[in-house]
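The values are calculated or read from the model by the stated rules, or taken from the named source; none is laboratory data. These figures come from a predicted structure and were not determined experimentally. Methodologically, a virtual Cβ is constructed for each residue, glycine included, from the backbone with ideal geometry; neighbour enumeration extends over all protein chains shown. What goes into the accessible areas is simple: the full protein's heavy atoms, side chains included, and nothing from ligands, DNA or RNA. Shrake-Rupley method; radii C 1.70, N 1.55, O 1.52, S 1.80 Å.
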Amino acid sequence: MQENLTAMKGFDSKMYQQVLYCFAHPDDETFTCGGTIARFHVNGVRQTLYCATRGEAGKTGQPPLCAQEELGDIRAQELARACDVLGIDECILRDYGDGQLSQLPFQQLVDDLFKIMESIRPDLIITFPPSGISGHLDHQIIQQATLEAVKKTTFPTKLYYIVIPESIAHLHSGKIHATPDEYVSMKIDVTPFRANIAQALREHKTQHLSIDRVFPGVRDGDISRLRSHEYYQLVIQK
């Protein structure tokens, strides 16, 4: 893994004008790469988030913050606020069914992503690695569909996976799927944007159980254990 990342200037340079993030659920963006999003925003990069579901199958909190049937609408609102905090310019929110992406015709998802990519022509595309990090099947499906859509694009672009290197996997609570360090090609310092990540996490109020498990102390204002770097694997360069 490149610890002294001269390649990091690639993520911060003016060569990137348009970034597209492809994820499955509201809060995926903040949990994985919120610091990168905030950093790009400061640099004036236009950013679009594609979110395949409204997260309606998730937990409503303890005690519940809403009825289960209201969760999709509430999480859509939470996502909008988190996007404002981080600096997402456009959020494309689909309703393909939380926990149901594997039952959706795969080509439908690929075609939808491809149409969006051809429309906005992003210089950089970011999604999950094949494991989905947490192993969630929806994460894995959105990764597969994003990869297939990028292969079809007709413009120059790069596809990166947001990953957790094996060397730091022990720092993460819960079960995660890490990536061998030798495959990590980009390390982004997000220390200046920890407060942005924390505030965006707090906007996902219904998901406080997951936030407390993965980011202990953040909801109470303690960001000392929040990540200082985000890591990426280059997959395609066209």
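Numbers at a glance
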read-out	value
Failed item, numbered, when Cys33 is tested on (1) open to solvent by less than 10 Å² (accessible area, probe 1.4 Å); (2) over 20 Å from Ile141 (Cβ atoms)	(2)
Residue under evaluation Ala38, criteria (1) farther than 22 Å from Leu226 by Cα; (2) surrounded by 15 or more Cβ atoms within 10 Å (Cβ to Cβ), criterion not met	(1)
Evaluation of Val150 against (1) modelled with pLDDT of 95 or more; (2) buried (at least 19 other Cβ atoms within 10 Å of the Cβ); (3) out of contact with any Lys or Arg (no Cβ under 9 Å at 6 or more places or on another chain) (one fails), failing number	(3)
Every residue from region 111-148 that is farther than 21 Å from Asp98 by Cα and among the aliphatic types (A, V, I, L, M)	Met117, Ile120, Leu124, Ile125
Residue within region 52-71 that is at positive phi and at pLDDT 95 or above present	yes
From Leu104, Leu79, residue being open to solvent by less than 50 Å² (accessible area, probe 1.4 Å) and without any contact (Cβ under 8 Å) to a residue 60 or more places away in the chain	Leu104
Residues of region 209-223 satisfying the condition of being of a type outside the set (Gly, Ala, Ser), assigned to a loop (DSSP other than H, G, I, E, B) and exposed (fewer than 13 other Cβ atoms within 10 Å of the Cβ)	Asp222
Leading residue by the ranking (modelled with the lowest pLDDT) among those in region 165-198 that are open to solvent by 70 Å² or more (accessible area, probe 1.4 Å) and part of a helix (DSSP H, G or I)	Leu171
